[in-house]
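The values are calculated or read from the model by the stated rules, or taken from the named source; none is laboratory data. Computed from a predicted model, the values in this text were never measured in an experiment. Cβ coordinates were reconstructed from backbone atoms using ideal geometry, including for glycine residues, and neighbour counts include every protein chain displayed.
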Amino acid sequence: MARRKEHTHEQIKTMAIEAVVMHLQHDNIETLSLRKVASLIGYVPSTLINIFGSYHYLLLAVSEQTLAQLANKLSLEMNDNPLLNIQQMATIYSEFALQNRRCFRLVFELSMPDDQPLPIAHLSLIKSLFGLVESQLLQYFPEADSQKIEMMSRVLWGAIHGLTSLALDGKLFEEQSCLQDMLISHVQSYIAGMSIKKEFTCY
C-alpha cells in the first residue's frame, strides 16, 4: 500500500535513487522497472512519475549522482605536479568504474528520448569533470589557449575511458593489475608527445 504522507518529495526522490543503486550492485538495469522501484520503496509508480516525470528521468538522476560522486573523488588530493595529478585521476577513474560497474555503465549507455538535450545539471557535471583535467593540462601547457586545452582533455581522457571500458568488459586480455600500468603509460606518452609538439608549434 502506498505511504503517501510519510515522506517528502525530496525524501522519496532519494529513496528511489538509492533503490536503483542498490539494485545495480547485484543485478542489471534490464531487470528493473519503474513499478519495481516503486514497490521497493513502498510507493505506487504514479508517485515516482509525479516526482521524476518518467522512469527515464529517474535513471538520469542516478546517472547524475554517479557523476557527482566521481567528480568528488577526482577532485581530492591534488598536488603541485600536474602529470602526477592526471595519472592519479586516471587511476581513480578506473577504480571507481570497476567498483561501480553498472552505475558507471548507466552514465554512458543512457540516452535522451527523442533527441532531447541533456538537463543543464547533467551537462554541468560533465563540464566540471573535464574541467578538472583541463586545469591540470593548463598548468603543464600554460601557453595553450582554451580551445586547445579542451581538445587535449578530450583526446587524453577518451583513451583513458576506452581502456577502462575494455577492462569492464574483460577485453583487455591482460591481468587486471595491468590496467593501471596502461593508464599511466598512456598519460605519460600523451603528455610527452604534446610537450615535444609544443617545441615546434606556437599555440
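Within region 126-148, identify whether any single residue is surrounded by 18 or more Cβ atoms within 10 Å (Cβ to Cβ), within 23 Å of LEU67 (Cα to Cα), basic (Lys, Arg) and under 13 Å from the mean Cα position of the chain (by Cα), and answer yes or no. No, every residue in region 126-148 fails to be surrounded by 18 or more Cβ atoms within 10 Å (Cβ to Cβ), within 23 Å of LEU67 (Cα to Cα), basic (Lys, Arg) and under 13 Å from the mean Cα position of the chain (by Cα). Of all the residues in region 152-191, those that are modelled with pLDDT of 90 or more, over 25 Å from ILE126 (Cβ atoms) and either touching a Leu at 6+ places or on another chain (Cβ under 8 Å) or outside the structural domain of VAL133 (by TED's automatic domain parsing) (or both) number 1. Each residue in region 25-61 was checked for being without any contact (Cβ under 8 Å) to a residue 24 or more places away in the chain and either β-branched (Val, Ile, Thr) or touching a Leu at 6+ places or on another chain (Cβ under 6 Å) (or both), and 6 of them qualify. Among the candidates GLU64, GLU30, GLU18, the residue that is in the same structural domain as VAL107 (by TED's automatic domain parsing), in a helix (DSSP H, G or I) and acidic (Asp, Glu) is uniquely GLU64. When the residues of region 69-90 are filtered to those that are within 14 Å of the chain's Cα centre (by Cα) and either modelled with pLDDT under 95 or outside any helix (DSSP H, G or I) (or both), the one that is surrounded by the most Cβ atoms within 10 Å (Cβ to Cβ) is LEU74.
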